[in-house]
Ligand SMILES: Cc1cc2nc3c(=O)[nH]c(=O)nc-3n(C[C@H](O)[C@H](O)[C@H](O)COP(=O)(O)OP(=O)(O)OC[C@H]3O[C@@H](n4cnc5c(N)ncnc54)[C@H](O)[C@@H]3O)c2cc1C
């Protein structure tokens, strides 16, 4: 075995083989794969191996398209052809209008990735799949490129191509330990000797946490037992002139594809079972769990009703094997949080369909630092600090039970709630708050009018519309209080803190004590990586002069890793996370200043404390740091308070706000208001696929600065024509918001994609942001948004339609 290489990929299932192959495609041939047994001896060998194109966002659709194109190419390789049934087609069934709306939206979204799904009615479903009945069926989503592949051949083909390009594959070589050296490179210890490398990749399937623990991390991945069976031949299939399309059924929780002249039927039973939570037998190799069809009788009934032919046919094989699930259902593909030179491609629950694409995006990240798509939806850093095994298990069970039931907008499922709360959570719950979950934090979404208030899940405006309108009205005309918990906060101390930040951010950063500013940072390709507020705190009895770096709750691990990676060894800079120590209370509205003045000593007048100021003070008896910043567009103050004093601060604000009838407002009201102001959300509107000019952030770039990450690449991009532009749209539709991912077109030509949309209650308009090809971006132009199956006309308007001169914020 080699003693040194550039990358060691651990695990020889589809995840590892695809990563190895794609590393060679990106130009790295000195790469090694270590497999404890034979290739595919984990989950991959017994997979049902269906390959679909469906995804709930463009990154997932794009990576699946890559799989499909790659598999087609492999299947046609004359030197090593593999079995791939491409293009049988597939149907996702639906029996509610809301599901059909979802499919209409996903079809719109996929169009932007050059993928043509079709929404079809029940009769058309039955026409395309002659075995199904139309009972209790409204229709479905047709995916023309669905098919299935031989999983072992696929992995062998990828490994073969990787070997031909110079990679090495060592089978029967279990990894037993990992040591990270002082220079952040690794030694991988195996039963057959050690191998030094720059980078390690965990692709260990259901043994993910055995290898995770070798590097001191726990990944939020667990396994579920998952079963399918194969039937004897079915005469109707034999007689049909075509292969049966795949089926996915969210009504009765099964999937189905043709296998020879019979069917393969897989189940997602409610009475499901986790597997291997307390350790896995080391001899579980090429192995299965015991059959247990009793567990799936609930699902079987639904499948029999849909396909009566099943009742006439025998079962010849049952397969029950472990399948991995993550805490939010999507895989973890990318950098391992808190580690250098360590990546993972784990938690794949549709690894055969997705594996080609995941390996492709991971190899790009390893070699180039970023992939061609924004990969946040699969980034392992997207949750922070709360992802223990018990919570992961609860969420995995919930996901398994809902396998084909996609999340509706604003749907927050009940398992594993209250993972992160503040002292105010139960108080707000008592006041009728409905909560959304942000990186595990329970955040107030809106206030329910009655205890049993319920909304109708769907893609249209729902029963919350008027509630949110009145929360916004109170903020606009009076004063509202909102808790922003989980906001990512990093304290940066040391004499070089501003030089360091100058190097990170692409614009001028605020350095003056007592001042707050907003900044953006780029990756090495000049594309937008992140957004943060930089607040300069004075030297005081609370600490030395320091910066508080504030960013989105979800960015906690992402941003900390980025900052740490870019520290220079001789720089006097210290980074400390305060995210779990502080919470923000926001006071917003024309009476905000009066409430603040009534609960905190000092002069809070406009002259003494103008917009973008910062002051250490007390709210009642609670120590606080107040910043004059606003995400709502109204006069507002962010009050940062240690969690231990949060209740005291809350009581003081409530008392001061009594005479103004202060009211709570939630995240939904904030989202509506920020859209009216032209403010962006990280990883919704701020994506690595676009640079700051395309995103309309020119005023936050100083290209003449000495040095900043991404400067050279941005300079180059600036010399070329700006390809895309973020625009604001006024949409000519009253009953539904534009959803992120919806496609924009002109004369049936795709020209852009919606990032976010909502009703702007203060301007009384349906508005949205979208990236659009620059040539179509002029103000006043008409474009069409593909919304729920209709082409809706929309007008490009100036960004920030509410208070464009910022007079209110500065008042
Ligand atoms: C019943 C069933 C049906 C399925 N049907 C489908 C489907 O239709 N379509 C689809 O896309 N997906 C399907 N899946 C899921 C799919 O099979 C998996 O997502 C995929 O196989 C996972 O591949 P992997 O490479 O991540 O893991 P694995 O295949 O488990 O590979 C991990 C490898 O890592 C090796 N390894 C572990 N520890 C070490 C170590 N210490 N040192 C060296 N090597 C190590 C293991 O030996 C193993 O070979 C199904 C799964 C099941 C269980």
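The numbers here are math on the coordinates, done by the rules we state, and not lab data. Quick caveat: nothing in here was measured; it's all calculated off a predicted structure. A quick note on method: Cβ atoms are made from the backbone with ideal geometry, for glycine too, and the neighbour counts reach across all protein chains shown.
Tabulated results
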| read-out | value |
| --- | --- |
| Residue 288-residue 463 pseudo-label distance in nm [points 7 Å out on the Cα-to-Cβ vector] | 4.6 nm |
| Peptides 726-738, 415-427, 19-31 ordered by average Cβ neighbours within 10 Å, highest first | 19-31, 726-738, 415-427 |
| Cα centroid of region 92-133 to Cα centroid of region 36-67, whole Å | 22 Å |
| Gain on full stretching of the segment that runs from residue 123 to residue 735 - 0.36 nm per residue minus C-alpha separation | 217.5 nm |
| C-alpha long axis of helix 646-657 to longest principal axis of the chain, angle in ° | 50 degrees |
| Inter-site label distance for residue 608 and residue 566 at 7 Å from Cα along Cβ, in nm | 3.8 nm |
| Helix-only [θ]222 nm of the chain, DSSP H runs n ≥ 4, -39500 (n - 2.57) each, per residue, nearest 500 | -7000 deg cm²/dmol |
| Three-way shape call for region 258-311 based on the alpha-carbon gyration tensor, with the a/c threshold at 1.5 | oblate |
| Where a label projected 7 Å from the Cα of residue 659 along Cα→Cβ would reach, residues of region 569-594 with amide N under 11 Å | 594 |
| Relative packing of peptides 611-618, 362-369, 234-241, 44-51 - highest average C-beta neighbours within 10 Å first | 44-51, 362-369, 611-618, 234-241 |
| Folded to 0 to 90 degrees: helix 351-368 orientation relative to the chain principal axis, Cα | 50 degrees |
| Three-way shape call for the chain based on the alpha-carbon gyration tensor, with the a/c threshold at 1.5 | prolate |
| Length gained when the stretch residue 508-residue 316 is fully extended (0.36 nm per residue, less Cα-Cα span) | 62.3 nm |
| Euclidean distance between Cα centres, region 752-811 to region 277-296, Å | 52 Å |
| Difference of contour (0.36 nm per residue) and Cα-Cα distance, residue 704 to residue 750 | 13.0 nm |
| On Cα atoms only, tilt of 667-676 relative to the major axis of the chain in degrees | 70 degrees |
| Beta bridges by DSSP in the chain, antiparallel share as percent, to the nearest 5 | 85 percent |
| Förster radius 51 Å - calculated FRET efficiency between residue 431 and residue 133, Cβ distance, rounded to 0.05 | 0.55 |
| Protection proxy ranking, peptides 289-302, 764-777, average beta carbon neighbours within 10 Å, highest first | 764-777, 289-302 |
| Calculated FRET efficiency for the pair residue 524/residue 574, C-beta based, R₀ 22 Å, to 0.05 | 0.35 |
| Zone residues, region 390-406, relative to residue 277, backbone N less than 12 Å from point 7 Å out along Cα-to-Cβ | 390-398 |
| FRET efficiency, 1/(1 + (r/R0)^6) with R0 41 Å, evaluated for residue 241 and residue 297 via beta carbons | 0.75 |
| Sequence of 325, 637, 86 once ranked by neighbouring C-beta atoms within 10 Å, starting from the fewest | 86, 637, 325 |
| Residues in region 34-69 reached by a label modelled at residue 191 [backbone nitrogen below 13 Å; 7 Å Cα→Cβ] | 35-38 |
| Cα shape, region 603-760, gyration tensor, a/c 1.5 rule | oblate |
